[in-house]
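Written below as structure tokens is the structure these notes are about.
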Amino acid sequence: MDNEVLAFRFTATVSDRAGLKPRERLTDPARLKMWLQATGLDVTDVSPTDLEDAVELREAIYRIGSAIAAGEQPDSKDVRALNTVAAAGHAKAALEHERAEWHLTDTTPVGDALGVLATDAIHILGGPDHNRIKNCEGPGCAGLYLDTSRGANRRWCSMNTCGNKVKKSRLAAS
């Protein structure tokens, strides 16, 4: 099962967070634009400042989620940043052709898109299942995910990637 939480997929734009060389995927504004468009948040242009704002939001979401996963209180500065970005967004949800779509404003489309991500994070981080937020146990990963398994015993953000790596290394060791 892959990560179904939009905000946590956003935090996964850095992979191997707990490894020796974390890999940043949002290396320039064009990469952020591609990622947003791939998630249905169609922005026309992304500036270097937009990219900085996005990375700051992503890291705040990650730190809050990791604190919750560890049973700790999130840093109030991160919580304020998350709430500020969510409040600044003006995206409107719409049902079109039996699909959920986001309509962003012409004036602040990236801010609106980040507002959608922040709002999604708030719903997960402060929702009824917040005690099921976990960090992946895969080697070097530490990615966030919501454990929706019946026994709340899922260990990896994705069985296809991290879970598979662990199983392959076990086979190779035996």
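The values are calculated or read from the model by the stated rules, or taken from the named source; none is laboratory data. Computed from a prediction, not measured in an experiment: that's the story for all the values here. Here Cβ is always computed from backbone atoms with ideal geometry, including for glycine, and neighbour counts include all displayed protein chains. What goes into the accessible areas is simple: the full protein's heavy atoms, side chains included, and nothing from ligands, DNA or RNA. Shrake-Rupley method; radii C 1.70, N 1.55, O 1.52, S 1.80 Å.
For the reader, a short list of remarks on this structure follows.
- Scope the range 8-20; condition of a type outside the set (Gly, Ala, Ser), outside any loop (DSSP other than H, G, I, E, B) and either touching a residue at least 60 places away in the same chain (Cβ under 8 Å) or open to solvent by 70 Å² or more (accessible area, probe 1.4 Å) (or both); matching residues: Phe8, Arg9, Phe10, Thr11
- Exactly one residue out of Arg31, Arg23 is in contact with an Asp or Glu (Cβ under 8 Å, 6 or more places away or on another chain), surrounded by fewer than 19 Cβ atoms within 10 Å (Cβ to Cβ) and of a type outside the set (Ser, Thr, Tyr): that is Arg23.
- Matching entry among Val46, Val5 (being hydrophobic (A, V, I, L, M, F, W, C), buried (at least 19 other Cβ atoms within 10 Å of the Cβ), in contact (Cβ under 8 Å) with a residue 60 or more places away in the chain and over 16 Å from Ala121 (Cβ atoms)): Val46
- Of all the criteria given as (1) outside any helix (DSSP H, G or I); (2) surrounded by 12 or more Cβ atoms within 10 Å (Cβ to Cβ); (3) touching a strand residue (DSSP E or B) at 6+ places or on another chain (Cβ under 9 Å); (4) at negative phi, the one not satisfied by Gly40 is (4).
- For Glu59, the test of being open to solvent by 80 Å² or more (accessible area, probe 1.4 Å), assigned to a helix (DSSP H, G or I) and of a type outside the set (Gly, Ala, Ser) is failed.
- Selection count where residues are of a type outside the set (S, T, N, Q) and open to solvent by 30 Å² or more (accessible area, probe 1.4 Å), scope the range 75-93: 11
- For the range 13-38, filtering for residues that are closer than 20 Å to Leu125 by Cα and at pLDDT 95 or above leaves 2.
- Residues that are open to solvent by 50 Å² or more (accessible area, probe 1.4 Å), over 29 Å from Thr84 (Cβ atoms) and free of Cβ contacts under 8 Å to residues at least 12 places away in the same chain, drawn from the range 128-151: Arg150, Gly151
- If you check Leu114, Leu82 for being in contact with a Gly (Cβ under 7 Å, 6 or more places away or on another chain), under 29 Å from Asp147 (Cα atoms) and part of a helix (DSSP H, G or I), only one passes: Leu114.
- Inside the range 102-127, residues that are more than 19 Å from Phe8 (Cα to Cα) and open to solvent by less than 70 Å² (accessible area, probe 1.4 Å) make up a count of 4.
- Total residues in the range 49-64, condition in contact (Cβ under 8 Å) with a residue 12 or more places away in the chain and closer than 17 Å to Thr108 by Cβ: 6
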